[in-house]
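Structure first, then comments.
Just so it is clear, none of the values below were taken in a lab; they were calculated from the coordinates. The model shown is predicted, which means the values in this text are computed figures rather than measured ones. Note: ideal-geometry Cβ built from the backbone for every residue, glycine included; neighbour counts use all protein chains shown.
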Amino acid sequence: MGTGRYRRIAGDWLWALGGVAAALLLWLAVVPWDLSEVETVQPVPGYDYSGSGEGGDEYAFQIAVVLVMVAGLAVGFVLAGRRKARWLATAGAATWAALFCWRAAVARTSGANMWFAGFVIVIAPAAIGVHLAVHAIARRRRDRASATPGRTRGSEGDSTTE
């Protein structure tokens, strides 16, 4: 086992850590930390509670935005020639799914907390879809580069120093 293999593995891990960091920072910037529908404290007199506790999907758009931003970041890097950025999408999508599970599982709800249904129906398929889409784009870009005459394998961002 030469040092080239270790550098390649280290490069993959660095891209994956970048995906974890990107998803975590975007989640903290966009999604409220507490996804609860109801409050456990005494109601505040005069506060309008009509929009809370009705369906639990008021943060769905912000949660989706985080995954779209992570996927867009990874696709941008892949299209710029950094094929290993596909690991950014994989780790970012997994982090996004883990953050959803954690924050939704501890949210206070008025009835049964059905976070697992949302995970199975929406979150897991979306995360897997981002993983597959970004890997397909990277593979297609690699195949196009190898079919173009005069280009070498290393010129497409597939070097071990990424």
For the range 115-121, in residue order, the Karplus 3J(HN,Hα) values (coefficients 6.51, -1.76, 1.60; θ = phi - 60°; whole Hz; Gly and Pro = x) are 4, 5, 4, x, 5, 5, 7
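Can you give the FRET efficiency to the nearest 0.05 for residue 124 and residue 62, using r as the Cβ-Cβ distance and R₀ = 25 Å?
0.85
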Quick calc, the range 74-148, dipole around Cα centre from Cβ unit charges on Lys, Arg (+) and Asp, Glu (-), nearest 20 debye, gives 420 debye
Could you give the nm distance between label points at residue 133 and residue 108, where each point is 7 Å from its Cα heading toward the beta carbon?
3.6 nm
For a label point 7 Å from the Cα of residue 101 along Cα→C-beta, name the residues of the range 107-147 whose backbone N is under 16 Å from it.
107, 114-129
